[in-house]
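Since every read-out is calculated from the coordinates, none of them should be taken as a lab result. Small disclaimer: the values here were computed from a predicted structure and weren't measured. All Cβ positions, even for glycine, are placed from backbone atoms using ideal geometry, and neighbour counts span all protein chains on display.
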Amino acid sequence: MAETGRLSHYDESGEAKMVDMSGKEATRRTATASAFVELSEAVLAALPANPKGNPLEVARFAGIQAAKRTSELIPMCHPIALTHLDVRAEIVAGGVRIIATAATVGVTGVEMEALTAASVAALTVYDMTKALDKGIVIREVRLESKTGGKSGDFLRAAISS
């Protein structure tokens, strides 16, 4: 278990390690992450006519697929049996907002799964629209909230405009 002020993925000698979760009790854990894909008005207008298919739906599927493979991408992540995963991609002013929510009943959290889902969904929007504009920007990939676990709940404070 991590001590306060100490990174959990390192041993006493500073070597990277996978955390031993065998002594922890399974609890319900959730996490929501988001990403924003900044798109020009021309790209936003072209989304419905994309010859590769609906970029938002493809991005949604890509995010779901990625979350299930997080432990294969992030070396110290434990494989997690996800009990729920939802990825939404919606057109908003200036681009596409991605929201990914993951849940499990287990001994470790699902923050990385939610963040991976949001990141890969955003990358998929880029891939599906890059022919129209190479200046697309992916920004604000972040954890919005989490519940469960030893560290307790987290809710990102709303940013006032």
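At 222 nm, what value in deg cm²/dmol follows for the chain if DSSP H runs of at least 4 each add -39500 (n - 2.57) and the sum is divided by all its residues, to the nearest 500? Result for the chain: -8000 deg cm²/dmol, rounded to the nearest 500.
For Asp133 and Ala158, what is the calculated FRET efficiency with R₀ set at 30 Å and r taken between the beta-carbons, to the nearest 0.05? E(calc), rounded to 0.05, equals 0.50. Between the helical axis of 111-129 and the longest alpha-carbon principal axis of the chain there is an angle of about 20 degrees.
Taking Cα atoms only, the orientation of helix 55-67 departs from the longest principal axis of the chain by about 10 degrees. FRET efficiency for the pair Ser40 and Glu12, taken as 1/(1 + (r/R0)^6) with r the Cβ-Cβ distance and R0 = 41 Å, rounds to 0.20. The ranking of Phe154, Phe36 by Cβ neighbour count inside 10 Å, starting from the fewest, reads Phe154, Phe36. Pairs of lysine residues in the chain that meet both criteria, 8 or more places apart or on different chains and Cα atoms under 27 Å apart, total 12. Evaluated with a Cβ-only charge set (Lys, Arg +1; Asp, Glu -1), the chain carries a dipole of roughly 240 debye about its Cα centre, given to the nearest 20.
Its residue count N fixes a reference of 2.2 N^0.38 Å for the chain, and the Cα radius of gyration divided by that reference is 1.15.
Counting only C-alpha contacts under 8 Å and six or more residues apart, can you give the relative contact order of the chain as a whole percent?
Values: 317 pairs, mean separation 54.3, N = 161.
Relative contact order, the chain: 34 percent.
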